[in-house]
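So the structure is just underneath, and the comments pick up after that.
The values are calculated or read from the model by the stated rules, or taken from the named source; none is laboratory data. This is a predicted model, so every value here is computed, not measured. No Cβ is skipped: glycine too gets one built from the backbone with ideal geometry, and neighbour counts run over all protein chains shown. Heads up: the accessible areas ignore ligands, DNA and RNA and are worked out on the full protein's heavy atoms, side chains in. Shrake-Rupley method; radii C 1.70, N 1.55, O 1.52, S 1.80 Å.
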Amino acid sequence: MDSKTLYAKAQTLMPGGVNSPLRACKYVNSEPVFIDRAEGAYMWDVEGRQYIDYVFSWGPMILGHQDPVVTEAAHKAVDMGSSYGAPCFGEVALAEEINKLIPSMEMMRMVSSGTEATMSALRLARGYTGRNKFVKFIGNYHGHADAFLAAAGSAAGVTPGTPGVPEEVVQHTLLAQYNDLDAVKAHFKESGDEIACIIVEPAAGNMGLVLPKEGFLQGLRDLCTEYGAVLIFDEVITGFRLALGGAQERYGITPDLTTLGKIIGGGFPVGCYGGKREIMEHMAPVGGVFQAGTLSGNPVAMAAGLATLQRLQECDYAAQEARTKALAEELTAIIAGKGQSVYLAQVGSAFTMYFSDKPVTSMVESGQCDAAAYATYWQQMLAQGVYLAPAGFECAFTSFAHTDEDFEKTLEAARNVTF
Ligand SMILES: *Cc1c(COP(=O)(O)O)cnc(C)c1O
């Protein structure tokens, strides 16, 4: 079946024909291609067309698709039984590996998605402090739990809230623009003794890539320390992406709690939250804060995650950053050479080329980018076999599987784009 036929059928069975809204390609005025298989840096659609991937399942596949070691680990695990609902070796092994790479995660809990991780971390912060309010940044996305769905970035649209979330549920959600430390200080000045936590993407990846300004993360750290609030780094994207030890290693700021997802599952559904022992011990059955999961610590996902983290320790992050930077800068020069305003943000193996004539430091500027120009670019790149995120306010990711030839082909495709 071709993509068009599948999409027509899918639309009768699923709202918008998809299981996650951005996949419908509305922001680029297009219809989705249906993927048949993926290997290395490539995906093939159901009609056999090959694409160089820069989405990588929105981040998890940093090693490329079907990394042989990860795939073998998952196969082996399936052969041992795919779920036990009881403790298993893989949970301990993965937790130990995470603790080694991110030492601030003294204790942790495995869950099945990033959404579950952030939702549980918020509950824990509230249970630990006995406070209800929390600070969240406009344009930061922390999954789709109710309390976070106020100005939640690209995936949930740019307007605050969504139908279905009672006002009472977000009344404790205090908003601030990303990088605006003064706005956070004002919240603490007004209600510091009621604020349980700040949750932040230490480099924001859901309104396009927005890097933290000098002093921003340190300022958040200081405020939390001063007021006895919990600092949560949502490293679902940045963990094992910006550095092996995540954004906290790269920027040298230690949060109290960290949430992980995406890469730690090696392509399987996994999330994880953890941090200071003293805080984590408030979780049941040691403490009173409840959270549970039928498939938590799933042995297949644990095996794939562990293999991924082990493989990543053999990878050269500095070299990957350098080649990503070179690619992103050359792409930007090509687009700028066509008279299209473009602003580049890049860190590690992630970048966003904003179609904008000014720097993007928060949702304000991100929301002002030229969506029509991005749609034009996206459509022409896809037609030439380059698979980019179907919205201008997303990250492009490179993987360790991309070859220099893949990058060269990508640049060639960009040279052919007309606006
Ligand atoms: C993707 C993402 C989430 C949600 O993870 P899911 O696995 O999609 O539930 C949370 N936080 C950030 C920063 C993310 O990028």
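Selection of segment 265-284 for residues being small (Gly, Ala, Ser), part of a loop (DSSP other than H, G, I, E, B) and in contact (Cβ under 8 Å) with a residue 24 or more places away in the chain yields GLY266, GLY267. If you check THR259 against the conditions, is it hydroxyl-bearing (Ser, Thr, Tyr) and over 29 Å from ASP67 (Cβ atoms)? Spelling it out, it is not the case that THR259 is hydroxyl-bearing (Ser, Thr, Tyr) and over 29 Å from ASP67 (Cβ atoms). Under 28 Å from ILE138 (Cβ atoms), open to solvent by 40 Å² or more (accessible area, probe 1.4 Å) and small (Gly, Ala, Ser) - does that describe any residue in segment 386-405? No, that holds for no residue.
If the condition is being touching a residue at least 60 places away in the same chain (Cβ under 8 Å), charged (D, E, K, R) and more than 14 Å from the ligand (Cβ to nearest atom), then segment 189-225 contributes ASP193, GLU194, LYS213. Residues being within 16 Å of the ligand (Cβ to nearest atom) and within 20 Å of the chain's Cα centre (by Cα) are represented in segment 61-83 by at least one member.
Within segment 235-252, the residues that satisfy the criterion of being open to solvent by less than 10 Å² (accessible area, probe 1.4 Å) and either within 11 Å of the ligand (Cβ to nearest atom) or aromatic (Phe, Trp, Tyr) (or both) are GLU235, THR238, GLY239, PHE240, ARG241, ALA247.
With respect to (1) within 16 Å of the ligand (Cβ to nearest atom); (2) closer than 21 Å to GLN313 by Cα; (3) not assigned by TED's automatic domain parsing to the domain that holds THR258, the lone exception for ILE102 is condition (3). Contact map, segment 332-345: first residue under 16 Å from TRP378 (Cα atoms), second residue exposed (fewer than 14 other Cβ atoms within 10 Å of the Cβ) and among the hydrophobic types (A, V, I, L, M, F, W, C), Cβ cut-off under 6 Å, separation 6 or more or different chains; pairs are LYS338/PHE419; GLN340/PHE419. Residues in segment 48-82 that are of a type outside the set (Ser, Thr, Tyr), closer than 27 Å to ASP316 by Cβ and open to solvent by less than 70 Å² (accessible area, probe 1.4 Å): 16 in all. Within segment 120-150, being within 14 Å of the ligand (Cβ to nearest atom) and closer than 17 Å to VAL230 by Cα holds for SER120, ALA121, LEU122, LYS136, PHE137, HIS142, ALA147, PHE148. Of the helices (runs of 4 or more DSSP H) lying entirely inside segment 310-388, not one contains at least 2 residues that are of a type in the set (Phe, Trp, Tyr) and modelled with pLDDT under 95. Listed by position, the helices (runs of 4 or more DSSP H) contained in segment 172-263 that have at least 2 residues being of a type in the set (Gly, Ala, Ser) are 181-191, 246-251.
Residues in segment 137-146 that are in a loop (DSSP other than H, G, I, E, B) and open to solvent by 10 Å² or more (accessible area, probe 1.4 Å): 3 in all.
Name every residue in segment 8-47 that is hydroxyl-bearing (Ser, Thr, Tyr) and loosely packed, with under 14 Cβ neighbours inside 10 Å, in order of residue number. Answer for segment 8-47, where residues must be hydroxyl-bearing (Ser, Thr, Tyr) and loosely packed, with under 14 Cβ neighbours inside 10 Å: THR12, SER20. Here is the figure for segment 258-276: residues that are open to solvent by less than 10 Å² (accessible area, probe 1.4 Å) and within 13 Å of the ligand (Cβ to nearest atom) total 11. Exactly one residue out of GLY293, GLY287 is more than 16 Å from the ligand (Cβ to nearest atom), surrounded by fewer than 24 Cβ atoms within 10 Å (Cβ to Cβ) and in a loop (DSSP other than H, G, I, E, B): that is GLY287.
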